[in-house]
Amino acid sequence: MEKKENQVQVSTGMKICRVVGVVLVLAAIAYTIWRGDFDEKGLIGYVDDFMVFMAAFTFAHGSFQRPERRYIRRQLYMLSSLFALLGLCWVIMLAFMK
């Protein structure tokens with residue numbers, strides 16, 4: 001196969017981020033299915049699952065952006081950090097509510 005002239009090579013760091021992103025999404029799905037966490041009855045118990053999954057998903061989505069889309073990747077990583085922080089705060093809140 002021929003390579004296109006304007007195609008940019010993906011760096012080793014981005015390849016590692018892609019693997020980490022896929023592993024994080026799989027771990028978030030496992031966390032959502034696992035019933036050993038602080039799930040309460042109703043909607044309150046599922047907010048932490050949503051936050052954990054969205055943190056992993058936005059990180060993975062940012063990792064799979066084209067190399068020339070740095071600004072979009074940075075925004076997705078920032079959203080991922082925000083979801084992770086909100087998820088951590090929610091898990092701590094649920095731990096102290098029991």
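Please go through region 40-98 and give me each residue that is of a type in the set (D, E, K, R), in contact (Cβ under 8 Å) with a residue 24 or more places away in the chain and open to solvent by 80 Å² or more (accessible area, probe 1.4 Å), ordered by number. If you could, list the steps in order and put the result at the bottom.
In the first step, residues of region 40-98 are kept if they are of a type in the set (D, E, K, R); the result is 40-41, 48-49, 66, 68-70, 73-74, 98.
Now narrow it down to the ones that are in contact (Cβ under 8 Å) with a residue 24 or more places away in the chain: 40, 48, 66, 68, 98.
Of everything in region 40-98, those that are of a type in the set (D, E, K, R), in contact (Cβ under 8 Å) with a residue 24 or more places away in the chain and open to solvent by 80 Å² or more (accessible area, probe 1.4 Å) turn out to be 66, 68, 98.
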*Selection from region 54-84 of residues that are closer than 19 Å to residue 26 by Cα, in a helix (DSSP H, G or I) and out of contact with any Ser or Thr (no Cβ under 6 Å at 6 or more places or on another chain)*: 54, 56, 57, 60, 61, 62, 63, 77, 81, 83, 84
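The values are calculated or read from the model by the stated rules, or taken from the named source; none is laboratory data. Being a predicted model, the structure only gives us computed values, none of them experimental. Reconstructed Cβ throughout: ideal geometry from the backbone, glycine too, with neighbour counts over all protein chains shown. Heavy atoms of the whole protein, side chains included, go into the accessibility calculation; ligands, DNA and RNA do not. Shrake-Rupley method; radii C 1.70, N 1.55, O 1.52, S 1.80 Å.
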